[in-house]
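The values are calculated or read from the model by the stated rules, or taken from the named source; none is laboratory data. This structure is a prediction, so every number in the text was calculated from the model and none was measured. Virtual Cβ from ideal backbone geometry, glycine too; neighbours counted across all protein chains shown. Note: accessible area is taken over every heavy atom of the protein model, side chains too, but ligands, DNA and RNA are not part of it. Shrake-Rupley method; radii C 1.70, N 1.55, O 1.52, S 1.80 Å.
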Amino acid sequence: MNPVGKALWYIESHFAQDVTLEEIASVAGISRFHMSRAFGAVMGCSVIRYVRARRLTEAARALANGAPDILEVALEAGYGSHEAFTRAFREQFGITPEAVRAQRSLQNLNLVEPSKMDASLKLDIKPPRLEHRGTLLIAGLGERITSESGASIPALWQRFGPYIGNVPAQLSPIAYGVVLNTDEAGNMDYICGVEVADFSAVPKEFARVRVPERRYAVFEHREHISTIRSTWAQIWNEWLPKSAHTVADAPFFEQYGTQFDPRTGNGGLELWVPIEA
């Protein structure tokens, strides 16, 4: 069973308890960083958000069945107070616990049932080449991305497109999508940018990141850009666990060469995954 499959099994067996990302990663036999990236790539949300959604779904089911004590339901779902439970419940479903109990129905609630991995994510990938890469200075537009706002990345690229070729001290036409500062909730900083010789003349509204020198496993993605999640899922959930390599807790990036056509999304790109030497 692959890491995300192990994580799903463990979550479904233990979500009523106080499970943590570290605990889930340990059961899957990988690091917290690897678990966070693999789960997000395959499931489209963070581990912690999935656990919370499963707890709240079961809480909603108990309320619809007429649970007499909302505080007891809240405590069983891992919330220390009626108020905290109500806030989370309303955020998840757009309705209060009291309303669900009163209507005695789960109709119109976006429940999160036990998940199975999406078979459509299965995509054959070629073995990567291993490459040592020197320090990269990347400047461009950046945003803090959540698992829910990941769809905003194409719009970020659209905003950055006119800058390509016009950034002061730009070294080449190659563009980069850099991911860094990931956290346990599945949030990350995403910067679409280009390599520059230095940051001195970069526009003040630009984000800047120094990607340190290190070793990478470099994967090719030759399908349409819309299927990139499939390749990431295979890397994190299939290739890495079977390889002899350990992913490093460091920035990773997409590299868009001159063959990539941003108008059509065709042409392919490379995915650079940092690994321990």
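Considering the range 1-108 at the alpha-carbon level, its Rg and Dmax are found to be 15.0, 44 Å. Overall, the accessible surface of the chain at a probe of 1.4 angstrom is composed of carbon and sulfur to the extent of 51 percent. I'd like the FRET efficiency for Asn110 and Thr264, computed as 1/(1 + (r/R0)^6) with the beta carbon distance as r and R0 of 41 Å, rounded to 0.05. Computed FRET efficiency for Asn110 and Thr264 comes out at 0.75. Couplings for the range 96-105, taken from phi via the Karplus curve 6.51 cos²θ - 1.76 cosθ + 1.60 with θ = phi - 60°, read 7, x, 4, 5, 5, 5, 5, 7, 6, 8 Hz in order; Gly and Pro are left as x. With the simple spin-label model, which puts each label point 7 Å out from Cα in the Cβ direction, the Thr86 to Gln158 separation comes to 4.0 nm.
Nearest 20 debye, what's the magnitude of the dipole of the chain about its Cα centre given +1 on Lys and Arg Cβ and -1 on Asp and Glu Cβ? Don't skip to the end; give the middle numbers.
Working: 28 positive and 32 negative charges, 79 e Å.
My answer is approximately 380 debye.
Taken along the Cα-to-beta-carbon direction at a fixed 7 Å, the label points for Thr146 and Asp183 span 1.1 nm.
Take peptides 74-81, 56-63 and line them up by average Cβ neighbours within 10 Å, highest first, as a rough protection proxy. Numbers along the way, then the final one.
Details: 74-81: 16.9, 56-63: 20.8.
For the peptides 74-81, 56-63, the packing ranking is 56-63, 74-81.
Considering only alpha-carbon pairs that sit under 8 angstrom and 6 or more positions apart, the relative contact order computed for the chain is 20 percent.
Note on the range 147-261: Kirkwood hydrodynamic radius from all Cα pairs is 15.8 Å, rounded to one decimal. Between the C-alpha center of the range 182-256 and that of the range 1-46 there is a gap of 21 Å.
Quick one: dipole size for the range 1-120, taken about the Cα centre, charges +1 on Lys/Arg Cβ and -1 on Asp/Glu Cβ, in debye to the nearest 20. Mind showing how you got there, number by number?
Values: 13 positive and 13 negative charges, 69 e Å.
That gives the range 1-120 a dipole magnitude of about 340 debye.
Shown in residue order for the range 227-240 are the 3J(HN,Hα) couplings computed by the Karplus curve 6.51 cos²θ - 1.76 cosθ + 1.60 at θ = phi - 60°: 9, 4, 4, 4, 5, 4, 4, 5, 5, 6, 9, 10, 5, 4 Hz (x for Gly and Pro). Which log10 I(q)/I(0) values, to two decimals, does the range 151-202 give at q = 0.26 Å⁻¹ under the Debye formula with one point per Cα? Listed by q, the Debye log ratios stand at -1.04. Shown here: the chain, whose C-alpha atoms stretch 66, 41, 31 Å along the first, second and third principal axes, sorted largest to smallest.
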